[in-house]
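The values are calculated or read from the model by the stated rules, or taken from the named source; none is laboratory data. For clarity, every value in this text was computed on a predicted model and none was experimentally measured. Cβ coordinates were reconstructed from backbone atoms using ideal geometry, including for glycine residues, and neighbour counts include every protein chain displayed.
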Amino acid sequence: MAPTMKDRIISAAVFVISGIVMCYDIITIPIYCILQWPWVQVRKAKKIRARPVPNASCRYHNYDRPSGLQLTVKRLQLDTVEKIVRYAITKHAKKPCLGVREILGEENEKQPNGKVFKKFSMGEFRWVSYVEFAERAEWFGRALREVGLQPGDRLVIFAETRAEWLIAAVGAFFQNITVVTLYATLGEDAIVHGISETEVTHVVTSHDLIKKIQPVLAKCDKVTHLVYMKDQLSDTDVSGIRDGIRTVPFPEMLKIGQQSSVANNVPTSKDIAIIMYTSGSTGTPKGVLLSHHNMVTTMVGFAVAVRVNSDDVYLGYLPLAHVLELMAEMCCIMFGVPIGYSSPLTLMDSSSKVKRGCRGDSSVLRPTMMAAVPMVLDRVAQGLEEKMQASGPFVQALFRWAVQYRNTWRRRGFDTPILHQLLFSRIAALLGGRIRAMASGGAPLSEVTHDMIRSCIGTRLHQGYGLTETTASATLMDEDDLSVGRVGHPVNCCDIKLVDWEEGNYRIADQPRPRGEIVIGGDNVAMGYYKLPEKTEESFYEENGCRWFRTGDIGEMYPNGTLKIIDRKKDLVKLQSGEYVSLGRVETVLKTSPLVENMFVFAEPTKAHVVAIVLPNIRPLQQLAKTTCGDGGGDGEKSLDDLCSMPQLEKEVQKALAERAKQGRLDKFEIPTRVGLTSVVWTPDNNLVTAAFKLKRKELSNFYREELSRLYQ
């Protein structure tokens with residue numbers, strides 16, 4: 001489409017602005033060179049981060065020097081989580097440890113559209129010190145012994161992320177009781193499976209999940225005790241819990257433990273600390289056996305990779321049942337970083353449960369560090385794009401120029417503080433304005449989102465790679481790594497090697513860089529799967545005294561020792577034309593479109609092209625309908641169901657995604673030729689995504705069987 005006069009005027013205006021800025025750059029670059037020493041940053045960005053292991057085939061090791069904390073852990077023989085926590089308590093005693101936001105009340109608030117929603121009125125964060133945290137963990141551990149658990153027994157924690165979760169887990173560690181973690185978003189069958197398979201008698205849950213756990217416990221006859229975390233505002237109704245189960249409020253457990261004289265039963269490094277159930281993207285969730293040694297290895301490995309400042313504060317909101325969040329918070333405990341707890345409902349000023357005029361958790365806590373998953377970061381990036389589009393084409397064009405400008409100078413080793421203050425500081429303020437480091441894991445992060453978050457938040461976004469089976473650690477970007485699309489270099493607690501995968505045409509002899517299945521080896525590799533010896537033997541193996549795990553992910557190793565995830569065995573489909581399509585890679589690129597809330601790319605091996613099912617964002621979809629399909633689509637009156645049934649709108653979404661695919665450098669055969677729109681939200685409850693919101697491809701292809709057939713006609 002030929003540019004309009006308005007487009008030409010906007011382009012000319014942005015060109016003039018960029019010209020003025022260029023003159024400013026030429027004049028001030030000597031000053032910035034003196035102040036910022038950019039050549040130092042460039043040298044650090046280009047350094048070799050991991051080297052091949054001599055006499056080993058495509059195996060890479062991180063040869064960084066041990067950190068002070070790493071040497072301390074080795075010298076003091078801190079080989080269990082219990083010992084690490086004890087060390088942290090003695091070192092950080094009176095320092096704030098865990099913070100919980102006070103909820104003052106819940107009120108009805110009328111929205112502009114006339115609907116009424118319940119919103120929280122909230123106060124400040126209330127903190128407990130390291131000493132108080134240790135006392136409560138001690139008390140809870142003793143209480144577990146008083147109510148019938150013995151060292152070596154198992155305890156299920158089925159609750160959302162909150163301070164009591166960590167207190168309960170550490171209390172169990174103090175008594176050598178194994179913690180079984182279950183996602184709060186798991187479906188009923190998966191919860192029953194986890195509780196029944198581990199044969200637990202004691203379950204810890206929360207006020208918000210009582211109704212969800214009731215039908216589960218009716219099917220789990222071995223459970224005798226239910227401990228529940230209370231709500232700040234409402235009493236917990238436990239009347240529906242089946243007979244024969246003793247219900248104990250969390251505060252009462254602390255009182256029981258406080259009055260108990262039971263001695264701690266400290267674990268050894270080989271004892272199982274956690275049975276962590278995976279989200280189950282390809283079937284029933286598997287319980288991964290993580291020892292105390294596995295956890296300490298990861299914590300110490302991260303200690304080398306992450307720089308911590310004395311004034312750092314961590315924002316905890318991701319599921320603690322996910323290995324990424326659990327290990328991040330355990331590292332905070334080790335480093336003495338205060339953890340303030342939040343939830344997606346109260347995270348920002350604009351979050352759904354925050355009362356108008358009340359500040360969100362980020363604005364009050366003002367954290368400096370947090371973890372995130374690509375789905376959250378993609379939504380942040382989409383939200384920014386939506387706001388820019390709503391502000392008009394000139395603002396949108398100026399915003400894109402500013403992001404590109406800042407990324408360009410960053411790669412040259414410069415910071416852009418004036419631009420940040422003028423344009424990006426308001427965006428950074430959404431998360432409190434002090435975020436200096438974010439870690440992303442759990443799935444590949446698109447290059448577009450990576451660059452946008454770095455620029456708009458003004459933070460170092462460290463992408464990492466790890467699995468539950470490797471205790472969250474494998475690779476991690478350091479703070480000087482300015483690349484995008486990669487997941488960093490091996491953490492010094494493990495080695496990474498690539499192995500040929502002939503079926504997918506990935507080989508370590510490939511040029512210009514070796515490619516193959518990623519295999520991770522080291523003391524962070526789990527003991528195996530709970531009660532699944534065949535699966536354990538299939539995925540884990542020992543070689544020359546090192547334990548290895550076959551990931552099923554396909555990687556590409558760069559000359560500086562950094563890794564890029566380029567494929568996954570289960571996501572790879574060979575088309576009729578002989579080309580291989582990575583479904584996950586296509587989804588990662590296309591999900592950056594503001595039109596996409598979620599999407600499922602499908603490839604039929606007997607066809608030469610791919611199709612997609614898109615769960616759209618309603619506001620951008622309404623706007624697209626208004627501009628391309630006439631007056632009936634985008635006036636806000638049509639529902640999502642109505643919009644998704646418009647054939648013309650399907651074509652327009654496909655065109656928009658094709659443009660996004662070109663920006664993401666997808667090949668022609670990877671671009672969906674047909675797109676179907678759906679209004680069905682994919683949740684763990686309808687079994688279309690896992691508890692970690694990863695796609696269940698088999699279930700999705702069955703659910704949309706007729707729709708996929710239509711798209712291929």
* Structure fact -> segment 481-571: strands (runs of 3 or more DSSP E) wholly inside it with 1 or more residues that are closer than 26 Å to residue 697 by Cα and of a type in the set (Phe, Trp, Tyr) are 540-543, 546-557
* Any chance you could count how many residues in segment 126-156 are closer than 23 Å to residue 234 by Cβ, buried (at least 17 other Cβ atoms within 10 Å of the Cβ) and out of contact with any helix residue (DSSP H, G or I) (no Cβ under 6 Å at 6 or more places or on another chain)? => 1
* To do: Out of 110, 119, report the one residue that is at pLDDT below 95 and over 23 Å from residue 316 (Cβ atoms).
  => 110
* Based on what the data block shows, is residue 660 at positive phi, of a type in the set (Lys, Arg) and either within 24 Å of the chain's Cα centre (by Cα) or part of a loop (DSSP other than H, G, I, E, B) (or both)? -> no
* **Filtered residues of segment 169-191 (kept if small (Gly, Ala, Ser), surrounded by fewer than 24 Cβ atoms within 10 Å (Cβ to Cβ) and in contact with a helix residue (DSSP H, G or I) (Cβ under 7 Å, 6 or more places away or on another chain))** => 184, 187
* Sole residue being outside any helix (DSSP H, G or I) and either closer than 30 Å to residue 539 by Cβ or hydrophobic (A, V, I, L, M, F, W, C) (or both), chosen from 413, 442, 433 -> 442
* Asked: Hey, among 169, 137, 159, which residue is touching a strand residue (DSSP E or B) at 6+ places or on another chain (Cβ under 6 Å), assigned by TED's automatic domain parsing to the domain that holds residue 273 and assigned to a helix (DSSP H, G or I)?
  -> 169
* Selection count where residues are in contact (Cβ under 8 Å) with a residue 40 or more places away in the chain and touching a helix residue (DSSP H, G or I) at 6+ places or on another chain (Cβ under 9 Å), scope segment 352-365 -> 3
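Per-residue answers, yes or no, for (1) under 21 Å from residue 297 (Cα atoms); (2) surrounded by 22 or more Cβ atoms within 10 Å (Cβ to Cβ); (3) in contact with a Lys or Arg (Cβ under 8 Å, 6 or more places away or on another chain):
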{"site": "308", "(1), (2), (3)": "yes, no, no"}
{"site": "316", "(1), (2), (3)": "no, yes, no"}
{"site": "327", "(1), (2), (3)": "yes, yes, no"}
{"site": "337", "(1), (2), (3)": "yes, yes, no"}
{"site": "341", "(1), (2), (3)": "no, yes, yes"}
{"site": "346", "(1), (2), (3)": "no, yes, yes"}
* Asked: Any residue in segment 72-89 that is surrounded by 14 or more Cβ atoms within 10 Å (Cβ to Cβ), at pLDDT below 90, outside any strand (DSSP E or B) and not assigned by TED's automatic domain parsing to the domain that holds residue 478?
  -> yes
* To do: Output the residues belonging to segment 359-406 that are assigned to a loop (DSSP other than H, G, I, E, B) and not polar (S, T, N, Q).
  => 359, 360, 366, 367, 373, 392
* Asked: Taking residue 627 and the conditions (1) exposed (fewer than 14 other Cβ atoms within 10 Å of the Cβ); (2) β-branched (Val, Ile, Thr); (3) touching a strand residue (DSSP E or B) at 6+ places or on another chain (Cβ under 6 Å), which numbered condition does it fall short on, given that it satisfies the others?
  -> (3)
* Asked: Is it the case that residue 650 is without any contact (Cβ under 8 Å) to a residue 12 or more places away in the chain, surrounded by fewer than 20 Cβ atoms within 10 Å (Cβ to Cβ) and of a type in the set (Asp, Glu)?
  -> no
* **segment 418-449, residues that are without any contact (Cβ under 8 Å) to a residue 60 or more places away in the chain and either farther than 12 Å from residue 406 by Cα or buried (at least 19 other Cβ atoms within 10 Å of the Cβ) (or both)** => 421, 422, 424, 425, 426, 427, 428
* Asked: In this structure, is residue 24 part of a helix (DSSP H, G or I), of a type in the set (Ser, Thr, Tyr) and in contact (Cβ under 8 Å) with a residue 24 or more places away in the chain?
  -> no
* Selection status of residue 385, charged (D, E, K, R) and either under 19 Å from the mean Cα position of the chain (by Cα) or surrounded by 24 or more Cβ atoms within 10 Å (Cβ to Cβ) (or both) -> no
* Structure fact -> Subset of segment 30-70, residues farther than 30 Å from residue 508 by Cα, at pLDDT below 90 and either exposed (fewer than 12 other Cβ atoms within 10 Å of the Cβ) or among the polar types (S, T, N, Q) (or both), comes to 67, 68, 70
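A quick yes/no check of all residues on (1) closer than 29 Å to residue 181 by Cβ; (2) buried (at least 21 other Cβ atoms within 10 Å of the Cβ); (3) among the hydrophobic types (A, V, I, L, M, F, W, C); (4) in the same structural domain as residue 294 (by TED's automatic domain parsing):
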| site | (1), (2), (3), (4) |
| --- | --- |
| 474 | yes, yes, yes, no |
| 506 | no, yes, no, no |
| 513 | no, no, no, no |
| 516 | no, yes, no, no |
* Regarding residue 103, is this residue surrounded by 16 or more Cβ atoms within 10 Å (Cβ to Cβ), out of contact with any Cys (no Cβ under 7 Å at 6 or more places or on another chain), of a type in the set (A, V, I, L, M) and within 30 Å of residue 341 (Cα to Cα)? -> no
* **Options 224, 284; residue that is surrounded by fewer than 22 Cβ atoms within 10 Å (Cβ to Cβ) and more than 27 Å from the chain's Cα centre (by Cα)** => 224
* **Residue count, segment 116-132 (criterion: among the aromatic types (Phe, Trp, Tyr) and over 26 Å from the mean Cα position of the chain (by Cα))** => 2
* For the subset of segment 205-232 comprising residues that are outside any strand (DSSP E or B) and β-branched (Val, Ile, Thr), which member is farthest from residue 144 (Cα to Cα)? -> 216
* Determine, yes or no, whether residue 391 is buried (at least 22 other Cβ atoms within 10 Å of the Cβ) and not hydrophobic (A, V, I, L, M, F, W, C). => no
* To do: Hey, can you tell me all the residues within segment 227-247 that are closer than 15 Å to residue 164 by Cβ and surrounded by fewer than 18 Cβ atoms within 10 Å (Cβ to Cβ)?
  => 230, 231, 232, 236
* So which of 673, 683 is at pLDDT 90 or above and among the hydroxyl-bearing types (Ser, Thr, Tyr)? -> 673
* Is at least one residue of segment 119-126 in a strand (DSSP E or B), basic (Lys, Arg) and within 30 Å of residue 264 (Cβ to Cβ)? -> yes
* Please work out if residue 501 is hydrophobic (A, V, I, L, M, F, W, C), buried (at least 18 other Cβ atoms within 10 Å of the Cβ) and over 27 Å from the mean Cα position of the chain (by Cα). => yes
